[in-house]
Amino acid sequence: MKVLFIYCKQFGFTATINTIEGLSENKNVTGFYENVQTAFMHAEEDDVAKNTEVEKKIVKNLKWICGKNQVKKVVLHSFAHLSESKAGHEFTMQLFNNIEIRMKNAGYEVYQTPFGYFLDLQIEAPGFSLARVFKDI
């Protein structure tokens, strides 16, 4: 699992192009959040075998970075451009849903961008040391 955490003063999106045939229609779905921790996540083939371990590590890292950036709001975004290796979309969608449940159970507001879509993004991210963190889990 590769993940790029970006703290955003503002994060917005509009779903544009569906990249996975058969998924529900989410074109033109939008979202806008302020003072939010985003997680641009890429599930890899190896993650399938270590599913629960990866899930726990992502949640631990999300809680850590949220604490450092003093936020309780998270946006999970599938960003399949951080590695050559890719897990299947069914696995990745379930992993994201499990992470969302764990984070909500820990008291966080959690949102997901539409899975399998290219998005128009609006990002306002400040420049301080923990505003952008990359993790290879």
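Closer than 17 Å to LEU4 by Cβ, surrounded by 13 or more Cβ atoms within 10 Å (Cβ to Cβ) and modelled with pLDDT under 95: does that describe ALA125? Talk me through it step by step, then tell me what you get.
Values: closer than 17 Å to LEU4 by Cβ: yes; surrounded by 13 or more Cβ atoms within 10 Å (Cβ to Cβ): yes; modelled with pLDDT under 95: no.
Judged against the criteria, ALA125 is not a match.
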Item checked: Conditions (1) in contact (Cβ under 8 Å) with a residue 40 or more places away in the chain; (2) of a type outside the set (A, V, I, L, M); (3) over 21 Å from GLN10 (Cα atoms); (4) part of a loop (DSSP other than H, G, I, E, B): number failed by GLU84 -> (1)
Notebook entry, point to check: Considering the range 14-54 alone, what residues qualify as being on the phi > 0 side of the Ramachandran plot and part of a strand (DSSP E or B)?
Noted result: ASN35
Note to self: On the basis of being outside any loop (DSSP other than H, G, I, E, B) and in contact (Cβ under 8 Å) with a residue 40 or more places away in the chain, does LEU4 make the cut?
What the structure shows: yes
Check: Of all residues in the range 57-67 being free of Cβ contacts under 8 Å to residues at least 60 places away in the same chain and either loosely packed, with under 14 Cβ neighbours inside 10 Å or under 14 Å from the mean Cα position of the chain (by Cα) (or both), which is farthest from LEU95 (Cα to Cα)?
Finding: GLY67
Note to self: Report every pair of residues separated by at least 6 positions or lying on different chains whose Cβ atoms are under 8 Å apart, first residue within the range 102-124 and free of Cβ contacts under 8 Å to residues at least 24 places away in the same chain, second buried (at least 16 other Cβ atoms within 10 Å of the Cβ) and among the hydrophobic types (A, V, I, L, M, F, W, C).
What the structure shows: LYS104/VAL110
Next item on the list: Identify the single condition in (1) surrounded by 20 or more Cβ atoms within 10 Å (Cβ to Cβ); (2) in contact (Cβ under 8 Å) with a residue 40 or more places away in the chain; (3) in contact with a helix residue (DSSP H, G or I) (Cβ under 8 Å, 6 or more places away or on another chain) that PHE96 does not satisfy, given that it satisfies every other one.
Entry: (3)
Notebook entry, point to check: Of LYS50, LYS72, which residue is surrounded by fewer than 19 Cβ atoms within 10 Å (Cβ to Cβ), of a type outside the set (Val, Ile, Thr), without any contact (Cβ under 8 Å) to a residue 40 or more places away in the chain and in contact with a helix residue (DSSP H, G or I) (Cβ under 7 Å, 6 or more places away or on another chain)?
Noted result: LYS72
Notebook entry, point to check: Applying the selection to the range 103-120, what residues are farther than 13 Å from LYS72 by Cα and either more than 11 Å from the chain's Cα centre (by Cα) or not in a strand (DSSP E or B) (or both)?
Noted result: THR113, PRO114, PHE115, GLY116, TYR117, PHE118, LEU119, ASP120
Note to self: Which of the numbered conditions does ALA43 fail, given that it passes all the others? Conditions: (1) of a type outside the set (Val, Ile, Thr); (2) surrounded by 15 or more Cβ atoms within 10 Å (Cβ to Cβ); (3) more than 14 Å from the chain's Cα centre (by Cα); (4) under 14 Å from MET1 (Cβ atoms).
What the structure shows: (3)
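The values are calculated or read from the model by the stated rules, or taken from the named source; none is laboratory data. If you're wondering where the values come from, they're calculated on a predicted model, not measured in any experiment. For neighbour counting, all protein chains shown are included, and Cβ atoms are generated from backbone atoms with ideal geometry for every residue, glycine included.
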